[in-house]
1. Tell me yes or no: at least one residue of segment 44-51 is closer than 28 Å to SER67 by Cβ, part of a loop (DSSP other than H, G, I, E, B) and in contact with a Lys or Arg (Cβ under 7 Å, 6 or more places away or on another chain).
2. Filter segment 154-165 down to the residues that are crowded, with 24+ Cβ neighbours inside 10 Å and within 16 Å of the ligand (Cβ to nearest atom) and list them by number.
3. Before we move on, is SER234 assigned by TED's automatic domain parsing to the domain that holds LEU212 and within 14 Å of the ligand (Cβ to nearest atom)?
4. Quick one: how many residues across segment 199-226 are polar (S, T, N, Q), exposed (fewer than 14 other Cβ atoms within 10 Å of the Cβ) and in contact with an Asp or Glu (Cβ under 9 Å, 6 or more places away or on another chain)?
5. Give me a count of the residues in segment 27-41 that are touching a Lys or Arg at 6+ places or on another chain (Cβ under 7 Å) and small (Gly, Ala, Ser).
6. Among the residues of segment 267-312, how many are surrounded by fewer than 21 Cβ atoms within 10 Å (Cβ to Cβ) and part of a strand (DSSP E or B)?
7. Can you go through ALA144, ALA125 and tell me which one is out of contact with any Asp or Glu (no Cβ under 8 Å at 6 or more places or on another chain), closer than 26 Å to HIS81 by Cβ, crowded, with 21+ Cβ neighbours inside 10 Å and of a type outside the set (Val, Ile, Thr)?
Amino acid sequence: MEDPRRRIPRTDHLLELPAVRAAAGSLSLPVVRGLVRGIQDRARRGEIAPAAVESEVIAAVSARRASSLSPVLNATGVVVHTNLGRAPLSDAARQALAQAAGYVDVELDLATGTRSGRGAAARAALLAACPAAEDALVVNNGAAALVLATTALAAGAEVVVGRGELIEIGAGFRLPDLIASTGARLHEVGTTNRTHPADYAAVLGAVTGCVLKVHPSNFRVSGFTAEATITELSGLCREHGVPLVADLGSGLLAPDPVLPEEPDAAGALAAGADLVIASGDKLLGGPQAGLLLGRAELIARLARHPLARAVR
Ligand SMILES: *Cc1c(COP(=O)(O)O)cnc(C)c1O
């Protein structure tokens, strides 16, 4: 009797099937070959009939897409949802992304043919949208912006933070752990529910690298609570010559009447923050990015730091 395995279609025959050739337009040859081989192996083990190999291969290559991500409907009620990709990009942003996917003049001045700095247009756009900032720097994400700021301003020194602001913003973002990883020492002040300007005043000194205010983006503590405002802390920080850094999270650049409670970069800078940190893919609606806005001298210090190249 003939061994049924001899009836398993050959690889070159399967690769020539129109549906397989069509799928090969978006999948690499090794991926298509791997799918074909996997189905032939199943037939060799007797798990499927040799006659079913062709249709199984067609189904497998048709189901396999170049992206592992599936489009979903966001019915959570949370508009900017980290698990669902945060801010969807506008059509204009998608077009810009597609245009930037090929060779582009990212670090080339087309007028002179010489090398230029990257991100000049993004910086100019941020400054136009937030004139309260003297300068701006864009990095990989909000966490990277915070790491760069605390490293450049406070490595080997202290970051003074209110105890109620030592937050976790979802998996992998625990503010205390992130700051500890930079070589800065965390100096907690106040209590979980109440922190006053005097708590900061008591610890500011020669070992202070910066004071950090953090917006508790995704939770609220209410009742018997108090916090030192940016306005209150800015006077104190100026007295001690210590930079005041505000991590706002959301990326709102200017006040929005729809979100009266949400802090914005312009407001924080006007209130006296020296440096503001935010995400680019939350309320701003851009791609994954971290924004640093504020005093030119501080932005320059951050941009000069070797770590800046690793998080650009
Ligand atoms: C979201 C958030 C971050 C982290 O920003 P990523 O862009 O996710 O890295 C940092 N701080 C605050 C307050 C945030 O809300």
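The values are calculated or read from the model by the stated rules, or taken from the named source; none is laboratory data. All values reported here derive from a predicted model rather than from experimental measurement. Cβ atoms come from the backbone with ideal geometry, glycine included; neighbour counts cover every protein chain shown.
1. yes
2. Hits for segment 154-165 are VAL159, VAL161, GLY162.
3. On the way: assigned by TED's automatic domain parsing to the domain that holds LEU212: yes; within 14 Å of the ligand (Cβ to nearest atom): no.
For SER234, the condition - assigned by TED's automatic domain parsing to the domain that holds LEU212 and within 14 Å of the ligand (Cβ to nearest atom) - is not met.
4. Selection size over segment 199-226: 0.
5. Count: 0.
6. The total comes to 0.
7. Selected residue: ALA144, the only one of ALA144, ALA125 that is out of contact with any Asp or Glu (no Cβ under 8 Å at 6 or more places or on another chain), closer than 26 Å to HIS81 by Cβ, crowded, with 21+ Cβ neighbours inside 10 Å and of a type outside the set (Val, Ile, Thr).
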